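**Q** The structure follows.
The values are calculated or read from the model by the stated rules, or taken from the named source; none is laboratory data. All values derive from a computational prediction rather than experimental measurement. Ideal geometry is used to build each Cβ from the backbone, glycine not excepted, and the neighbour counts take in all protein chains shown.
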Amino acid sequence: MKVFPSGAALGARIDGLDLAQPLSAADDQAVVAALGRHGVLRFPQQKLDGAQLKRFAAGFGELEINVASGAYQEPGHPEVMILSNIVENGRPIGLADAGQGWHTDMSYSRDIAFANVLYGIRIPRRNGEALGATEFSGMQAAYEGLPAAVKERLEGKTCLHDFNKFWEMMRQEKGSKRPALTEAQKKAKPPVSHPMVLTHPITGRKVLYANPGYAVRVNELPHKESDELLEFLFEHQLKAEYRYASRWEEGDVLMWEDIGTIHSAVADYRPHEHRLVKRCQVMATRFIPPEERA
Ligand SMILES: [Fe+2]
């Protein structure tokens, strides 16, 4: 396999691997190292069925089964979620409004996510340009770029992450038709706390772990100071120098790690511009041992 860095803060293309086949131990190690270094990896020209996508993703940790998306799972493979705006016989075949806004998947969960593996099957285009890019920002570099005084301030601090924050943002700001969470659904996903600075399990570098999608409160600070610090961090972490946008091609597998990056889906395509992407959510079970998890 060959790694071609994008030249931006994040991102690399990996050629020479057929992800339909099991990875050798050497290739697995090389992919993990590239993931730590570049955060976002694109494997072009893949041809995978649901079982092969699942096997590739499962090599990096346990896969989450998203209970909320029961209707949008690959038949026989509930770990494979379907993201799509295609409607067949009056019924959507996938979740249409995923992830439009900066966030890290699963930061609202006690066990955090390690990576996402997406497979692009239909990618909308307009005037030859691929639509529906995925944008990223690198949180290893963002941490390192913080003023020393802020780094000091973050030491030992924890942040509360709330699933409902992103859900409501999608409803109120992005025109999502998803219903408000019921009290029972909120109870099933209570806010959880994580340290604001994590050590990246692959690179050993420090990571700013507080994303605009889910982070609501610095637990150890009074409300006003917490709001001010989060506002500062949310602005800082999106500086151009940490950013990278990945443009899709059909047949791409796009893999990114969730601990050292945040991401946002660009919703620049319309309902008739069809998109179909399959997704697996890899939890941090392989790279963070149980005793180190929250
Ligand atoms: Fe996401």
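**Q** Can you find, within the range 100-121, the residue that is farthest from R55 (Cα to Cα) among those that are out of contact with any Leu (no Cβ under 6 Å at 6 or more places or on another chain) and part of a strand (DSSP E or B)?
**A** Step one: filter the range 100-121 for residues out of contact with any Leu (no Cβ under 6 Å at 6 or more places or on another chain), giving 100-117, 120.
Then drop every residue that is not part of a strand (DSSP E or B), which leaves 103, 113-117, 120.
Details: H103: 26, A113: 17, F114: 16, A115: 14, N116: 13, V117: 11, G120: 17 Å.
If we take residues in the range 100-121 being out of contact with any Leu (no Cβ under 6 Å at 6 or more places or on another chain) and part of a strand (DSSP E or B), then H103 is farthest from R55 (Cα to Cα).
**Q** Is one or more of the residues making up the range 23-39 closer than 20 Å to G138 by Cβ, part of a strand (DSSP E or B) and touching a Phe, Trp or Tyr at 6+ places or on another chain (Cβ under 7 Å)?
**A** No, the range 23-39 has no match at all.
**Q** Follow-up. Could you list, in sequence order, the residues of the range 1-56 that are crowded, with 20+ Cβ neighbours inside 10 Å, in contact with a strand residue (DSSP E or B) (Cβ under 6 Å, 6 or more places away or on another chain) and among the aromatic types (F, W, Y)?
**A** F43
**Q** If you check every pair at least six apart or on different chains, which have Cβ atoms under 6 Å apart with a residue in the range 101-117 that is under 15 Å from F287 (Cβ atoms) first and a residue that is more than 12 Å from the ligand (Cβ to nearest atom) and of a type in the set (V, I, T) second?
**A** Partner pairs satisfying both residue conditions: M106/I112; F114/V282; A115/V282.
**Q** Looking at this structure, is A149 at pLDDT 95 or above, touching a helix residue (DSSP H, G or I) at 6+ places or on another chain (Cβ under 6 Å), away from the ligand (no atom under 16 Å from the Cβ) and of a type in the set (A, V, I, L, M, F, W, C)?
**A** Working: at pLDDT 95 or above: yes; touching a helix residue (DSSP H, G or I) at 6+ places or on another chain (Cβ under 6 Å): no; away from the ligand (no atom under 16 Å from the Cβ): yes; of a type in the set (A, V, I, L, M, F, W, C): yes.
Taking the combined requirement at face value, the residue does not satisfy it.
**Q** Just checking, does the range 53-74 include any residue being in contact (Cβ under 8 Å) with a residue 24 or more places away in the chain, in contact with an Asp or Glu (Cβ under 6 Å, 6 or more places away or on another chain) and part of a strand (DSSP E or B)?
**A** The answer is yes; a qualifying residue exists.
**Q** Take the residues of the range 84-99 that are assigned to a loop (DSSP other than H, G, I, E, B) and under 24 Å from E173 (Cβ atoms): which is nearest to the ligand (Cβ to nearest atom)?
**A** Step one: list which residues in the range 84-99 are assigned to a loop (DSSP other than H, G, I, E, B), which gives 85-86, 89-90, 93-94, 96-99.
Still in the list and also under 24 Å from E173 (Cβ atoms): 85, 94, 96-99.
Details: N85: 16, G94: 14, A96: 14, D97: 12, A98: 6, G99: 4 Å.
Top of the filtered list is G99.
Condition check ((1) of a type outside the set (S, T, Y); (2) within 19 Å of the chain's Cα centre (by Cα); (3) within 23 Å of R37 (Cβ to Cβ)) across all residues:
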site	(1), (2), (3)
F166	yes, yes, no
L181	yes, no, no
L198	yes, yes, yes
R217	yes, no, no
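**Q** Counting only residues that are within 18 Å of S246 (Cβ to Cβ) and of a type in the set (D, E), which one in the range 100-145 is nearest to the ligand (Cβ to nearest atom)?
**A** D105
**Q** Here's another thing I want to ask about it. Anything in the range 63-83 that is polar (S, T, N, Q) and within 15 Å of the ligand (Cβ to nearest atom)? List them, or say none. Walk me through it before giving the result.
**A** As a first pass, look at the range 63-83 and keep what is polar (S, T, N, Q): 66, 69, 73.
Passing the criteria: N66, S69.
**Q** If you scan the range 260-286, which residues turn out to be within 14 Å of the ligand (Cβ to nearest atom) and touching a Ser or Thr at 6+ places or on another chain (Cβ under 8 Å)?
**A** T261, I262, H263, S264, A265, V266, V277 - these are the residues of the range 260-286 that are within 14 Å of the ligand (Cβ to nearest atom) and touching a Ser or Thr at 6+ places or on another chain (Cβ under 8 Å).
**Q** Check the range 122-140 and report whether any residue there is surrounded by 22 or more Cβ atoms within 10 Å (Cβ to Cβ) and not in a strand (DSSP E or B).
**A** yes
**Q** A follow-up question, please. Search the range 135-156 for residues that are of a type in the set (S, T, N, Q) and pair each with any residue that is assigned to a helix (DSSP H, G or I) and surrounded by 19 or more Cβ atoms within 10 Å (Cβ to Cβ) when their beta-carbon atoms are under 6 Å apart and the residues are at least 6 apart or on different chains.
**A** S137/Y242
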